[in-house]
Structures are given as structure tokens and as C-alpha cells.
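Report on the structure given below.
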Amino acid sequence: MKIAFFDAKPYDIPGFDSYSAGTDIEIKYFETKLNEDTVSLASGFDGVCVFVNDTVNEAVVNQLYEMGVKVIALRCAGFNNVDTRACFGKIHVFRVPAYSPYAVAEHAMALLLTVNRKTHKAYSRTREFNFSLSGLSGFDLHGKTVGVVGTGKIGRIFADICRGFGMKILAYDKFPNPNAGLDYVELSELFAKSDIISMHCPLTDETHHIIDDAAIEAMKPGVVLLNTSRGALVDTEALIQGIKSGKIRAACLDVYEEEGDLFYEDYSGDVVQDDKLVRLISMPNVIVTSHQAFLTEEALNNIAETTMDNLVKFFEGVPNPDREVCYHCSRKNDCQKERHKKCF
């Protein structure tokens, strides 16, 4: 079986080459992202492998289906970039639910520690033999309240890390986990009481711009905002205004709502046209990393292993309901997924 692998990077290839060896799956790597302009590259392939900034909208899905593509293998947990409704009845979609929740949670804490204690600024100074401490003061994390929005595996691990620092945890989730040992509150209370807010929920129609002007207005003055989930959880213009007004003390972003044409590429020699991102990066109390929270050796290995396992099982006809993305159709009383069968 032939797989078209889009948005391939040097760090992707070794793991996928290793785990595809000995299988009947042949991979062709494309540096380009999958979108309406590049979908023709998938002609003659049985499946495609995509990442977070590939565009798998209805038009792309229909073209893939017409070309005979049977499966979309996401090498990530989120699937907001895939029109699952368009895929239903045509193409199966699989994801990697948990490649390394520790990687993302630890990166979120690294961002918080960096922006708070300004180690990035200290590093730049001391390399120029400037040992001044002016402007480098932070605050103790111990005793502060952190609000965790989304308590899946990553959110719970981040909460555990914060607990190790002696922080108080408030949590919000549309579906609270009674076994998580967390203090669940309404979102309004989390905003009002949290010194730090960290986003770990998926991007859906309901959570799109969950952090907007009204949310920021409801937050505690001087709050620090972290987002290592999906960029569109945060309204960028509202964030910029919140930072300018001083309501938001600092922001750490590993994701950005318009990152698709920028992240994972080198634009150091170009004039970046995205004015909002340029404004954010120019702010001294903002740290932006390029969607790298997942990037650890363990995570890359798990992504490759799980993605290849998803593909092998699919082509062998082995049910894999825990990793197949479910488009929630109207067949609630006869849901084959509950019986561990393919939905169509």
C-alpha cells in the first residue's frame, strides 16, 4: 500500500522509515503541505499522512476520495484541520491520541518559567558579558493559582507539575473527570481567580476564541496566559489589546491561529506579512515558539510507531475504534463504534 506523506520534515523521516520497514506500506515523502493546490500529488496513493497545518477541507476530501484514497492518517492528536463530516462514508481518519503528553505539559511549564524569570533575556545578556539584573525580576510560582482549561492527559500532567511547585489548581472541562483529583469550577470563576491560565482543550466550534475580549475582561489583573494547544482558542487581537492594557502580564504561545503558512518554515530572511504575529513577537513579555511542544525523541518515536500501527491495522481490516476519529452522526442508537466495528 502506498502512502503520500505531506509536510515532511527531517525529524519525521527516520522514525517512519524505521517503523514502515518490514510492512507492506510504501511511503513517499512530500515537503509541501496538503491543501487544494497540492492534493493532486496524492493521485495513485492508497492513503495520506498529514500533520497539524495540512488543510483537509471538504474540497480536499472529495478530491482524495475521487482519486481512490481510503485513509487519512493524522500524525498528531488534534483533528480540527480535517473536515470529518466530509470524510464520513468516504475516507477513514485515524489519529495519535497520546504520543507524549509529558512533552507538551513540560514545554508549557518551560515557557512559564522562562517568561516569569526572564531566562531568555538573561541568556542574551550574559553572552554579551552584561551581568546586570535590571528588569529580570519575576514572581514565586509557589502559592499562586493556576487555571487549567481542558483536563485530558496533557492538562492533568500539567496540573501535576504545577502541584509540584506548590501551586493551587483550578480546572475547567466541559466533561469533568471525577477521578482526576482536581478542583473543577466554572470558567468564569477560573478566569477571576487564576494568576496563570493554561490552555489544554481541543479546538472545536465551541472553543474557538474561548479567550476573547470578554474572557480577558473577566480575568484577574496581571494574569499570565499559556497556550500549547491550538492557536484559534485565543482571539489574537483580543490578546494583543489585553497585553497592551496591562491586564495580561505575559503570554506564552506555542501555537498561533494563523500559523499554517508560517510555522515549521524559515522566514528569517523575509519580511513577515502577518502584522499581528509581528506585534506579538516584538512585545518583551511575550514568548512565541513554533508549535514545538511535542518535539521530543520519545514523542517522535511514539508518533511514528502509532501512525504506522494505525495504517497497518486499517489495511489488514483490524478494528481500531480508539484511534479512529468519529464523526458524530445521527446513528446514536446503532453506533457500530461501540461494538468495535468500523463505522462504514
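Miscellaneous remarks
- Shown are LYS153, LYS2, whose ranking by accessible area with a 1.4 Å probe and every protein chain present, most to least, is LYS153, LYS2.
- Taking only the C-alpha atoms of the stretch 139-234, the Rg (one decimal) and the largest Cα-Cα distance, Dmax (whole number), read 12.3, 36 Å.
- Calculation over all alpha carbon pairs of the stretch 76-156 in 10 angstrom steps from 0 returns a P(r) of 13, 29, 24, 18, 11, 5, 0 percent.
- Placing a pseudo-label 7 Å from each Cα along the Cα-to-Cβ vector at ARG163 and TYR264 gives an inter-label distance of 3.5 nm.
- Note on the stretch 187-263 and the stretch 139-153: Cα centroid distance 14 Å, given to the nearest whole angstrom.
- More than 15 Å apart - percent of Cα-Cα pairs taken over the stretch 205-246: 34
- Heavy-atom accessible area with a 1.4 Å probe sorts HIS200, HIS120, largest first, into HIS120, HIS200.
- Packing-based order for 270-276, 219-225, using average beta carbon neighbours within 10 Å, highest first: 219-225, 270-276
- The Cα-based radius of gyration and maximum Cα-Cα distance (Dmax) for the stretch 80-223 are 18.3, 63 Å.
- The heavy atoms of ASP46 offer some 30 square angstrom of accessible surface to a 1.4 angstrom probe.
- Accessible carbon and sulfur surface of the chain relative to its total accessible area, %, 1.4 Å: 49
- Spin-label model, ASP213/ALA98: points 7 Å from Cα along the beta carbon direction are separated by 4.0 nm.
- Fully extended contour minus Cα-Cα distance, from LEU133 to TYR29, at 0.36 nm per residue: 32.6 nm
- Solvent-accessible surface of the stretch 219-301, taken per residue with a 1.4 Å probe and all protein chains present: 45 Å².
- Here the convex hull built on the C-alpha positions of the stretch 176-330 has a volume of 185 cubic angstrom per residue.
- Label zone of ASN62 (point 7 Å out along Cα→Cβ, amide N under 20 Å): in the stretch 1-35 this covers 34-35.
- For VAL325, the residues whose modelled amide H falls within less than 5 Å of its own, excluding neighbours fewer than 5 places apart on the same chain, are VAL93, PHE94, ARG95.
- Heavy-atom SASA rank of ARG323, ARG163 (probe 1.4 Å, accessible area, largest first): ARG163, ARG323
- Checking the Cα-Cα distances for LYS9/LYS313; LYS118/LYS153; LYS9/LYS90; LYS9/LYS153; LYS2/LYS70 against a 20 Å cut-off, the pairs over it are LYS9/LYS313; LYS118/LYS153; LYS9/LYS90; LYS9/LYS153.
- Linear extension gain, GLU186 paired with HIS142, 0.36 nm per residue minus alpha-carbon span: 13.5 nm
The values are calculated or read from the model by the stated rules, or taken from the named source; none is laboratory data. The structure displayed is predicted, hence computed values, not measured ones. Note that each Cβ is placed from the backbone with ideal geometry, even for glycine, and that neighbours are counted across all protein chains shown. For accessibility, only protein heavy atoms count, side chains too; no ligands or nucleic acids. Shrake-Rupley method; radii C 1.70, N 1.55, O 1.52, S 1.80 Å.
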